[in-house]
Amino acid sequence: MARPALIVHGGAGSIPENERGDRQAAVERSRDEGWARIGAGALAAVVAAVRRMEDEPLLNAGIGACLNSDGEVELDAGVMEGDGLRVGAAACLRDVRHPIDLAVAVMEDGRHVLLAASGASRFAREHGLEMADPSLFITDRKRQQLLEGADTVGAVARDADGRIAVAVSTGGRTGKLPGRVGDSPIAGAGFYADDRFGGVCGTGQGEAYIRLGLARLMVVELQHGMDPASVAKGAVDHLAKTLRASGGVIVVGREGSPQAAFNTPAMPFAIAE
Ligand code: ASP
């Protein structure tokens, strides 16, 4: 038997003072929703938490996500189960109501790990997922255009059977080129889980996470016996020192409490254990 734990984050960035309390409350609501599902397993918990955050207009995922340079929302999401290293992800989505649901469907289908753009939408429709008019994701165009950096949302959980899962969803970076894919749908860059060692999830400059292969690197450090708090701190130091990048990470090891670290002005997160 393992001790269940869940950590949820709402993105590392330069969050305006007047939004910090509301964003923290949104993350705590999502943590509660995820924790209510922990009995159904780590995957159910992280998906429930992230799905809720896709509906929180102040967070950069689903409704309210940041805009690209054409003023449109393009969404990425990923999910991984540390049992069997199963992965599903989707990128450049414009009309899928819950990107995290599509990531799960890709994982369950099992043929591929990442689908993008129109092919991903077709797969979503064929699998009966809820679709949306792209305008649904835009609630306050002016605010969404001004989001600095952006911030991803994510969750990592360990359930009573010791299974570890991670889920992540994002609008990416404000002003990104149409078609740009960040780290969030790329296993090993923005997220990774392996039941033998732990699970991690990142937020921040996606290009840096991809170049460093940061999520996989963090799990290798857990494998080599580094404690989760040092892994989290080391990852943000590595981002800053190696590529002058900023961001945040959350980590759940095989035992002990979840950990978080960030080198941005803020990163709302919440833990249940
Ligand atoms: N990592 C995300 C991306 O680059 C954005 C963020 O977390 O700020 O797409």
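Bear in mind that the values in this text are calculations on the coordinates, not laboratory data. Small disclaimer: the values here were computed from a predicted structure and weren't measured. Don't worry about glycine lacking a Cβ; one is built from the backbone with ideal geometry, like all the others, and counts go over all protein chains shown.
With R₀ set to 22 Å, the beta-carbon distance separating H224 from E273 gives a calculated FRET efficiency near 0.35. Mark the label point 7 Å from the Cα of E17 along Cα→Cβ and return the residues of the range 124-161 whose backbone N is within less than 20 Å of it. Label zone hits: 147-149.
Across the chain, the volume of the C-alpha convex hull divided among the residues equals 105 Å³ per residue.
Across the range 96-244, Cα-Cα pairs farther apart than 19 Å form 58% of the total.
Among A187, A48, A240, the largest mean-square fluctuation in a Gaussian network model of the chain, built with springs joining Cα atoms closer than 10 Å, belongs to A240.
Between A132 and L177, take the C-beta separation as r, use R0 = 25 Å, and let me know the FRET efficiency to the nearest 0.05. The calculated FRET efficiency here is 0.65. Loop-located trypsin sites (Lys or Arg not before Pro) in the range 195-273 (DSSP state not H, G, I, E or B) with no more than 11 neighbouring Cβ atoms inside 10 Å: R244. In this structure the amide hydrogen of A266, modeled in the peptide plane, comes within under 5 Å of the amide hydrogens of G13, I15, none closer than 5 places in sequence on its chain.
Measuring between their Cα centroids, the range 22-59 and the range 109-164 lie 14 Å from each other. Annotation: peptides 105-117, 27-39, ranked by per-residue average of other Cβ atoms within 10 Å with the highest first, follow the order 27-39, 105-117.
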